[in-house]
1. When only DSSP loop residues count, what chymotrypsin sites (Phe, Trp or Tyr not before Pro) in the stretch 37-115 have their Cβ near at most 12 other Cβ atoms within 10 Å?
2. Determine the calculated [θ] at 222 nm for the chain from helices alone, applying -39500 (n - 2.57) to every DSSP H run no shorter than 4 residues and normalising by the residue count; nearest 500 deg cm²/dmol.
3. Run the simple label-point estimate for Lys241 and Lys72 please: 7 Å along Cα→C-beta, distance reported in nm.
4. So how far, in whole Å, is the C-alpha centre of the stretch 129-153 from the one of the stretch 199-242?
5. Just need the relative contact order of the chain here, percent rounded to a whole number, with Cα pairs under 8 Å and 6+ apart.
6. For helix 240-251, report the angle its Cα long axis makes with the longest principal axis of the Cα atoms of the chain; keep it between 0 and 90° and round to the nearest 10°.
7. Take the alpha carbon gyration tensor of the stretch 91-148, find the square roots of its eigenvalues, order them as a ≥ b ≥ c, and report rounded if a/c is under 1.5; if not, report prolate when a/b exceeds b/c, else oblate.
8. Under the rule a/c < 1.5 gives rounded, and otherwise a/b versus b/c splits prolate from oblate, where does the stretch 151-241 land using the Cα gyration tensor?
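What follows is calculated from the coordinates using simple rules that are stated; it is not laboratory data. Note that the coordinates shown come from a computational prediction; the quantities given were computed from them, not determined experimentally. Glycine gets a Cβ as well: all are built from the backbone with ideal geometry, and neighbour counts include every protein chain shown.
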Amino acid sequence: MRISYLFLLLLLFSTMTVLDANRIVNGVPIDIREAPWQVSIQKYGFHFCGGSILSSQIIVTAAHCLINMDAKTLSIRAGSRFWKNGGQVMKVAKIKAHDGFSPKKYLNDIALMRLARPLKLGPLAQKIELPTSVPSDGSGASVSGWGLLKAESRERPTILQAVKLRIMDYRKCQKTKYGQNGYLISRQMICASLNSNDACQGDSGGPLVSRKRLVGIVSWGKGCASLGFPGVYTNVAYYLKWISTEIKKLTNC
Ligand code: ARG
């Protein structure tokens, strides 16, 4: 009798925490005006990765989002806090993933897309500036996306979520549990964490922003918000040359 009571209580408790989960790995729902550079990348109309607006026709995302993808099946939604509706939907004309992307080490996890037609930029859909240098350790930052609210959950938020983080230098990050477990954090990466805040599956390709500049792209992590394992991001400042060269190539054809 007592045991079953305890079981019931436990059940009640677990459903309560599930219902309470409108906050992700600790995030909060935001208005698109707070991250107007954020886009949802979709295949046959379903969200699978995030991206950021660099100009009316260029989106930056993670290479691992686009491997084996055909541009013809892709579209993006900009200017809406809902991945499912509102804002502007644009088809993708061309994709360019970094040739050096390695699925094993997650090196060079960066890619660009050219849209079929330009977005109408405004307060709801805005480009984000690139960084001029690698952000310093400890800087405040935030990440946004429609990714999972928890590593184990299967529910996806319909409203864009964001969470505050602190930048961690790649050397420091190498000394976390990543290093102790044989993961390699290279200088092409940057880490970010704060308490149990993190990005998660489905946030990939999305923006890590510090001082209104795109300093990182959601790339990988061990689980989501696992203790001792910060989120790992593509270090955008490392790719400034690659970005400008590839944008030129994408725009000239
Ligand atoms: N690779 C994941 C994706 O495809 C993103 C993982 C980010 N994980 C993290 N713990 N920060 O959506």
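1. When the chymotrypsin sites (Phe, Trp or Tyr not before Pro) of the stretch 37-115 are filtered for loop state and at most 12 Cβ neighbours within 10 Å, Tyr44 remain.
2. The helix contribution divided over the chain gives -4500 deg cm²/dmol.
3. Once both label points are built, they end up 3.6 nm from each other.
4. 5 Å
5. Values: 615 pairs, mean separation 53.8, N = 253.
21 percent.
6. In the chain, helix 240-251 runs at an angle near 60 degrees to the longest axis.
7. oblate
8. oblate
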